[in-house]
Structures are given as structure tokens and as C-alpha cells.
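FYI, it's all coordinate maths here, none of it is from the lab. Just so we're clear, the structure is a prediction, and the values are computed from it rather than from any experiment. Cβ placement follows ideal geometry from the backbone for every residue including glycine, while neighbour counts extend to all protein chains displayed.
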Amino acid sequence: MEECNRNPAELPRAARGVSAKPFTASPLPHELPPVAAEILRTLHQGERFLVCSHSRPDGDAVGSILAMGMLLDQLGKRADLVSADRIPEIYRKLPGAERIQTALRVHGPYDAVILLECDGLDRTRLRGLEDFFLINIDHHVSGNAFGDLNWIDCQAASVGELVYRLALGAGARITPEMANCLYTTVLTDTGGFCYGATRASTFALARDLTLAGADPIRIAQEVYFSLAASKLLLLGAALSHLHHADHLAWLWVTQEEMMRTCASEEDCEGVVNYALSISGVEAAVFLRELPEGIIRLSLRSKGRVTVAALAERLGGGGHENAAGCTLPGPLDRATDEILAELRSAAAGLACAKD
Ligand SMILES: [Mn+2]
């Protein structure tokens with residue numbers, strides 16, 4: 001009789017060591033700092049909150065917004081989840097993703113606005129935030145204490161990790177839905193545990209989230225094996241223009257190729273990484289021709305070339321190893337300009353032993 005009651009869908013989870021028993025969290029990498037306790041107090045005291053992140057949201061932004069919304073639900077609060085840009089296709093299957101509203105201006109009787117991984121209000125591209133009580137939770141080195149409460153922890157693998165610690169601090173139950181959202185933040189922000197702040201505590205966090213019900217296989221399939229065909233067609237076009245020399249790699253797509261492959265802006269995400277992945281290449285750039293003829297550039301580095309300073313000089317910005325800017329067209333002129341900049345930034349590397 002017992003055999004008949006067993007749900008076959010449960011077997012793979014059981015095989016992964018997931019049981020129905022409550023799990024014990026691994027020791028946290030750090031004590032919850034006083035500001036996090038203050039954030040929790042603010043959440044307990046308020047009634048209605050707005051949760052948002054940066055424009056063009058990535059896995060950490062979407063997963064953290066959703067998990068924070070679920071935490072507020074558990075605390076019996078009202079939470080509005082807002083993004084200036086639509087949620088990328090690969091994250092739309094996350095539990096509760098349909099709850100995130102797309103808007104460019106916010107208004108409402110909020111007790112506080114919770115900003116996740118933003119270094120300033122501009123980063124959200126949302127208008128109407130400035131008069132609210134602002135809770136800023138970030139893990140970037142470039143993080144800014146622009147809020148009324150600022151929890152910036154550069155050791156965290158994702159902002160989701162901080163939301164998780166906040167949820168544990170609040171005594172919330174880490175539901176399978178919450179665990180799936182949080183696991184997505186860690187997987188995507190570490191590039192599949194390949195870079196970023198990947199450390200032992202990251203795997204402890206992934207373990208905890210798996211025990212709490214996250215499904216690592218399904219999430220990996222959604223994130224890495226559910227691409228739009230247009231993305232691969234665009235990648236093919238970009239790779240047909242791949243060049244590399246002197247520790248640098250570059251590739252581009254024309255507006256005509258964007259149209260021909262039916263590619264969207266979202267499809268261009270990550271194309272630059274293919275150029276960077278070449279052995280011996282230290283910095284890479286992906287150039288995309290926009291309809292109006294100007295050129296958008298994505299710059300990446302493995303760490304020895306600081307692309308942020310270079311992008312800033314050209315009117316853009318970003319992180320040390322990931323930055324962007326736009327240059328006037330045409331494409332070949334912009335390519336020459338950025339290569340000259342990159343060559344001088346990488347000049348020291350030619351003599352340095354790899
Ligand atoms: Mn992040």
C-alpha cells in the first residue's frame with residue numbers, strides 16, 4: 001500500500017538528499033550586522049512597501065525582488081514589486097514573477113522603498129522614489145550609501161544572499177518558492193559558480209537553498225538551456241565577426257543582422273563573454289550598431305585590464321571588469337577607437353608573462 005502512495009515526482013528530490021524534515025541552516029558567513037536588524041525593525045513597523053531593483057533586471061535583481069516580496073508576505077505586509085523594464089524571458093517562470101509590475105513612475109502610501117542592488121536611485125530608472133524612506137541593500141564594490149538605511153556587503157555572492165540572511169533573521173520560513181528565487185540569484189551572479197564572490201559559503205548557501213526546496217537542475221535548465229532561437233542566430237552573426245590579437249578580442253553585429261535574426265536587446269546580453277572566453281584574451285568588447293547609427297559597446301575583462309575607467313573616459317561606466325559605453329558610428333570607426341583605447345590599457349600585458 002505504501003508503494004501506491006509514493007509520488008514518483010518526489011523521487012528525484014529524495015535521491016538528492018532532500019527530505020520533508022526541516023533543514024538546519026549552515027553557519028552564516030557573518031553575523032547579521034546592526035543595519036540589517038534595523039531594516040528588519042523597519043519592515044516589522046511598516047505596512048506597505050515597494051520593492052525594486054536596477055533597470056534591465058538580471059537574475060539577482062528578479063530573484064531578490066521576488067524573495068523579498070515573499071518575505072514581506074510572511075510578515076503580513078503589503079508589497080508592490082516594480083521594474084522599469086520587462087522581466088527577461090528566462091526569469092519569467094520564477095514563482096511570483098507575474099507579480100512584478102512594469103512602470104516608470106511610482107506613487108503610493110509606502111512606508112519604505114526597498115532598493116536591491118542599486119548604487120543610486122537613477123539605477124532603477126523609476127521616477128518618484130526620492131521622497132520615500134529608502135532601504136538600500138547591495139553587494140557591489142561600487143555600492144553607495146544613498147539610502148536612509150544602507151546594507152552593503154561586498155562579500156555576498158548575490159543580493160539574494162542578503163535577502164536570505166534577512167529572512168532567517170526574521171524567523172521566516174524559507175519556502176521552496178523562495179528557495180528557488182534565491183538559488184537563481186546565486187547561480188546567475190556567480191556565473192554558475194565560476195566567478196564573482198564564489199567561496200565556500202556560496203556552496204553552503206546553495207546547499208541550504210537546495211535543502212529548503214530549490215531545484216538546481218530545473219533552475220539551470222531555465223537559465224542556461226531555454227534560450228530564444230534569435231539569441232543563437234544573433235550569436236552566430238556576432239561570432240562570424242570575431243577577431244583576436246594581443247590579449248584582446250572583439251566582435252560586433254550590425255543593425256541589419258539584428259533585424260535579420262529578429263534579435264532583441266535582451267539577446268545581446270552575454271555575447272561579449274564568448275570573446276572573453278578565448279584562452280590568453282584579457283579583455284573583450286562587443287559592439288552593436290543601434291538603429292540611429294550610434295554604437296553600443298559592452299566591455300569585459302578577466303581582471304588585469306580595468307575596463308570601467310576606460311568606459312568612464314568615453315562617457316559610460318560600470319564595474320571594474322564589466323562596463324559599457326556608446327560611441328558615434330560608423331561601426332568600423334568605433335571599433336578602431338575602442339581598440340586603440342584597449343591596446344593602450346593592455347599595453348603592459350604584452351611583456352608580462354601569462
Ligand atoms: Mn548582484
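Figures for the structure shown
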| quantity | calculated |
| --- | --- |
| Order of Tyr91, Tyr195 - criterion: other Cβ atoms within 10 Å of each residue's Cβ, fewest first | Tyr195, Tyr91 |
| Long-range HN-HN contacts of Gly317 with modeled amide H, under 5 Å | Gly324 |
| Peptides ranked, highest mean first, by Cβ atoms within 10 Å: ranges 68-74, 179-185, 149-155 | 179-185, 68-74, 149-155 |
| Within segment 288-306: backbone nitrogen closer than 18 Å to the Arg333 label point (7 Å, Cα to C-beta) | 288-297 |
| Share, in percent, of DSSP beta bridges within the chain that are antiparallel, nearest 5 | 40 percent |
| Computed lengthening from Tyr274 to Lys93, 0.36 nm per intervening residue step minus Cα-Cα distance | 62.6 nm |
| Order by protection proxy (mean Cβ within 10 Å, highest first), peptides 100-112, 207-219, 39-51 | 207-219, 39-51, 100-112 |
| Computed lengthening from Asp122 to Ser55, 0.36 nm per intervening residue step minus Cα-Cα distance | 23.2 nm |
| For Gly46, net neighbour charge (Lys/Arg +1, Asp/Glu -1) across residues whose Cβ lies under 13 Å away | -1 |
| Over the chain: helical MRE at 222 nm, DSSP H runs n ≥ 4 each giving -39500 (n - 2.57), nearest 500 | -10500 deg cm²/dmol |
